[in-house]
Amino acid sequence: MKKLATHLINIALILAFLFGAYYVYQLSNKKKPEDLYRLQPVTIGDIEQNVTANGTIKPVTLVNVGTQVSGRVKKIYADYNDQVKKGQILLELEDELFKAQIAQSMGNVKNNEASVELAKANETRMQNLFQQEYVSKQELDQSIQALKSAQAQLSTTKAQLKRDQTNFGYSIIKSPVSGVVVDREVDVGQTVAASLQTPTLFKVAQDLSKMQIDTSFAEADIGRIQVGQTAKFNVDAFPNQSFEGVVKQIRLNPTNTANVVTYNVVVSVDNPEQLLLPGMTAYVNINFAKHDNVLLVPNAALRYRPKNEEMKLAMKKDKKSDDNKAKTKSDGLGSGKVYVLRNNKPEMIRVKTSITNGKYTEIVTSDIKPNEFVITADMATDQKPAGSNAQGPNRPPRVF
């Protein structure tokens, strides 16, 4: 009996030791909050909300210089990047045919001038004979008609001569504006034909110190853009330099591509150093809201939904309050929920939100303090980086 009691005591001591060791093990291996949740701090900073699009840099005025007559290129007086003045000769076409046509027309004019003189003499003679009653009234009328016909024919040949002289002038191509030659599309000896449409010989940019960006914005963004807004942009040629422009025009003609409606927005740009060249791709960023020194939380915190059952139950109990608030008049602010880690436990906090840049959102009203930690994901179930769920129903705003 005594041995049995001793045996039972030993077993009890062993069990107590095992339970104690398990308790100590549980305490030493208890998961910390950072092991359960992905955390990010609440910060104070500046935030901007923008709309972005790509565009092409173009001269404000780009003139396509063509020809109204056909012929072979005889001489070229301007080349790429040349500065030209208004009226300066750019190109000459071979003019032998034009000169021959002018000579022929001049011969026709002289021939018709002689016909007019003869008709005048006949008409004067008929007038005298008619007064002496040697000819009839019909013969007089015929002489008058012959004079008028000769005069009309003379006018026709003079017009033909003027047309041929004008065509001869068109064989000398002059610049219609002062500017820079940005393109030359012909060479000496090449034949240009101006039959159905005017061929382009040169492209002259009137002033490269003033440029514009033609870009397209989606219909969802166009309401935020106004004429006079400042637009910042970058180009690949100068990746570390930022440029500025001003929204000059919002064109009303929409473009529909695959059911996506866009509008052309023209941005005016000063280019005094002429660093920007025609055809460069500009990455345009138009800012329509900026707030300084405000409370910021990561967008992932606003998208976070807990997996913990107790927290889900608390959310369900609070849904009725949400429905009542939705019926009240809107103050222009958004609303949301974030989960703050307090006393090593998540606590749901309601917030009112303002603008976002796609990564952070401004918090307008809440009892969250700077440097508190908000939950952005559950470590146990979501190993993706915060904010990676861009395809889900709670993806961040498209505009940033």
Worksheet item: Within the stretch 147-162, can one find any residue that is under 26 Å from Asn271 (Cβ atoms) and aliphatic (A, V, I, L, M)?
Response: no
The residue from Ala237, Ala194 that alone is touching a strand residue (DSSP E or B) at 6+ places or on another chain (Cβ under 9 Å) and among the aliphatic types (A, V, I, L, M) is Ala194
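Those residues that are of a type in the set (Asp, Glu) and either without any contact (Cβ under 8 Å) to a residue 12 or more places away in the chain or under 30 Å from Glu96 (Cβ atoms) (or both), I need them from the stretch 114-168; list them, please.
Applying the first criterion (of a type in the set (Asp, Glu)) to the stretch 114-168 yields 117, 123, 133, 139, 141, 164.
Result: Glu117, Glu133, Asp141, Asp164.
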All-but-one check, Ile363 against (1) modelled with pLDDT of 85 or more; (2) of a type in the set (A, V, I, L, M, F, W, C); (3) over 39 Å from the mean Cα position of the chain (by Cα), failing number (3)
Selection from the stretch 270-290 of residues surrounded by fewer than 15 Cβ atoms within 10 Å (Cβ to Cβ), assigned to a loop (DSSP other than H, G, I, E, B), of a type outside the set (A, V, I, L, M, F, W, C) and in contact (Cβ under 8 Å) with a residue 24 or more places away in the chain yields Pro272, Gln274, Gly279
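Would you say Thr124 is more than 23 Å from Val69 (Cα to Cα) and either exposed (fewer than 14 other Cβ atoms within 10 Å of the Cβ) or touching a Ser or Thr at 6+ places or on another chain (Cβ under 7 Å) (or both)? Show your work before the answer.
On the way: more than 23 Å from Val69 (Cα to Cα): yes; either exposed (fewer than 14 other Cβ atoms within 10 Å of the Cβ) or touching a Ser or Thr at 6+ places or on another chain (Cβ under 7 Å) (or both): yes.
Considered against the rule, which asks whether it is more than 23 Å from Val69 (Cα to Cα) and either exposed (fewer than 14 other Cβ atoms within 10 Å of the Cβ) or touching a Ser or Thr at 6+ places or on another chain (Cβ under 7 Å) (or both), Thr124 comes out as yes.
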Residues in the stretch 258-269 that are open to solvent by 90 Å² or more (accessible area, probe 1.4 Å) and either of a type in the set (Ser, Thr, Tyr) or at pLDDT 95 or above (or both) total 0
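Among the residues of the stretch 157-175, are any modelled with pLDDT of 90 or more, aliphatic (A, V, I, L, M), assigned to a helix (DSSP H, G or I) and surrounded by fewer than 18 Cβ atoms within 10 Å (Cβ to Cβ)?
Within the stretch 157-175, the first condition is being modelled with pLDDT of 90 or more, and the residues that meet it are 157-175.
Narrowing further to those that are aliphatic (A, V, I, L, M): 159, 161, 172-173.
The next check asks that each one be assigned to a helix (DSSP H, G or I); those that pass are 159, 161.
If we keep only those that are surrounded by fewer than 18 Cβ atoms within 10 Å (Cβ to Cβ) too, we end up with 159.
Scanning the stretch 157-175 turns up at least one residue that is modelled with pLDDT of 90 or more, aliphatic (A, V, I, L, M), assigned to a helix (DSSP H, G or I) and surrounded by fewer than 18 Cβ atoms within 10 Å (Cβ to Cβ).
Residues are listed down the side, and each one gets a yes or a no for (1) open to solvent by 30 Å² or more (accessible area, probe 1.4 Å); (2) at pLDDT 55 or above; (3) not hydrophobic (A, V, I, L, M, F, W, C):
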residue	(1), (2), (3)
Asp292	yes, yes, yes
Leu295	no, yes, no
Asn299	no, yes, yes
Leu302	yes, yes, no
Arg305	yes, yes, yes
Lys319	yes, no, yes
Asn324	yes, no, yes
Thr328	yes, no, yes
Val340	no, yes, no
Exercise for the section: Using the structure shown, decide if Ile47 is closer than 26 Å to Pro278 by Cβ, in a strand (DSSP E or B) and either open to solvent by less than 50 Å² (accessible area, probe 1.4 Å) or hydroxyl-bearing (Ser, Thr, Tyr) (or both). Expected result: no
The number of residues in the stretch 242-253 that are in contact with a Phe, Trp or Tyr (Cβ under 9 Å, 6 or more places away or on another chain), more than 21 Å from Gln206 (Cβ to Cβ) and surrounded by 13 or more Cβ atoms within 10 Å (Cβ to Cβ) is 1
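Take the conditions among the polar types (S, T, N, Q), assigned to a loop (DSSP other than H, G, I, E, B) and over 24 Å from Thr61 (Cβ atoms) and apply them to Ser195. Does it pass? Explain how you work it out, then say what you get.
On the way: among the polar types (S, T, N, Q): yes; assigned to a loop (DSSP other than H, G, I, E, B): yes; over 24 Å from Thr61 (Cβ atoms): yes.
Yes.
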Discussion item. Looking for something more than 30 Å from Val177 (Cα to Cα), among the aromatic types (Phe, Trp, Tyr) and assigned to a loop (DSSP other than H, G, I, E, B) - is there at least one such residue anywhere in the stretch 120-140?
Written reply: yes
Scanning the stretch 186-241 for residues that are exposed (fewer than 14 other Cβ atoms within 10 Å of the Cβ) and among the aliphatic types (A, V, I, L, M), the one modelled with the lowest pLDDT turns out to be Leu196
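Here's the yes/no breakdown for (1) part of a loop (DSSP other than H, G, I, E, B); (2) over 23 Å from Ser195 (Cα atoms):
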site	(1), (2)
Val51	no, yes
Gly55	no, yes
Val65	no, no
Val73	no, no
Asp79	yes, yes
Leu90	no, no
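Looking at the structure I just gave you, is Ile76 in contact (Cβ under 8 Å) with a residue 12 or more places away in the chain and open to solvent by 30 Å² or more (accessible area, probe 1.4 Å)?
Working: in contact (Cβ under 8 Å) with a residue 12 or more places away in the chain: yes; open to solvent by 30 Å² or more (accessible area, probe 1.4 Å): yes.
Criteria met by Ile76.
The values are calculated or read from the model by the stated rules, or taken from the named source; none is laboratory data. Please read all numbers here as calculations on a predicted model, not as lab measurements. Cβ sites come from the backbone with ideal geometry, for glycine too, and all protein chains shown count toward neighbours. Surface accessibility is based on the protein's heavy atoms, side chains included, excluding ligands, DNA and RNA. Shrake-Rupley method; radii C 1.70, N 1.55, O 1.52, S 1.80 Å.
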